Amino acid sequence: MKTQVEQLLDEYKKVRNIDLTLDQFTYILNLYPSLIVCMCDGVLDKGEWDGVLRLAKGLAMEYGDGLGDPDLERLEQSFRTEFRYLLDNIEKWQKKFLNALKNHISDSRTDKEFVLESMYLFANAADGISDVEQETIEMLTERLSLEH
């Protein structure tokens, strides 16, 4: 039987023509709350977008081991494209992604810490953490049961 994350990836692939592995998709899933924090004020500012670009580059390096430069650039571009799509379509995927993520990290303190730290990193990317970002982080922390 497929996990909730595998089911979500199948559904996501029906909407998006992507070639991401389960590992790659799971990494995006773990970062999804950070994307929500980026968009909670309705604006993706330059600092936040720069963070997303660095993330796409880092993910490509992580998962592109052994790939030549053109393939590595394509992988980075595909991460960038998916982050942009998810930022533009937060409402469409939010419930499904958060449900799958909560289920996926329920037994992993390390994953919970990663999700929480990532949200704070992105919130802090531009001029500190605003009230709306802090409220969003608190809501997501509760929703995903990130408290120890």
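The values are calculated or read from the model by the stated rules, or taken from the named source; none is laboratory data. Quick caveat: nothing in here was measured; it's all calculated off a predicted structure. Cβ: placed from backbone, ideal geometry, glycine included. Neighbour counts: every protein chain shown. Heavy atoms of the whole protein, side chains included, go into the accessibility calculation; ligands, DNA and RNA do not. Shrake-Rupley method; radii C 1.70, N 1.55, O 1.52, S 1.80 Å.
Filter the stretch 82-107 down to the residues that are among the polar types (S, T, N, Q) and touching a residue at least 12 places away in the same chain (Cβ under 8 Å) and list them by number.
Result: Gln94, Asn99, Asn103, Ser106.
Read through the list (1) open to solvent by 80 Å² or more (accessible area, probe 1.4 Å); (2) without any contact (Cβ under 8 Å) to a residue 40 or more places away in the chain; (3) in contact with an Asp or Glu (Cβ under 9 Å, 6 or more places away or on another chain), then give the number of the only condition that Thr141 fails.
Answer for Thr141: the failing condition is (1).
Specify which of the listed residues (Leu29, Leu20) is of a type outside the set (Asp, Glu), over 18 Å from Glu76 (Cβ atoms) and in contact (Cβ under 8 Å) with a residue 40 or more places away in the chain.
Sole residue among the options that is of a type outside the set (Asp, Glu), over 18 Å from Glu76 (Cβ atoms) and in contact (Cβ under 8 Å) with a residue 40 or more places away in the chain: Leu29.
Please enumerate the residues belonging to the stretch 1-41 that are β-branched (Val, Ile, Thr) and under 19 Å from Ser118 (Cβ atoms).
Of everything in the stretch 1-41, those that are β-branched (Val, Ile, Thr) and under 19 Å from Ser118 (Cβ atoms) turn out to be Val5, Thr26, Ile28, Ile36, Val37.
Does Val5 satisfy the condition of being touching a helix residue (DSSP H, G or I) at 6+ places or on another chain (Cβ under 6 Å), open to solvent by less than 20 Å² (accessible area, probe 1.4 Å), of a type in the set (Val, Ile, Thr) and under 22 Å from Ala125 (Cα atoms)?
Judged against the criteria, Val5 is not a match.
Among the residues of the stretch 18-50, what is the count of those that are more than 12 Å from the chain's Cα centre (by Cα) and among the small types (Gly, Ala, Ser)?
2
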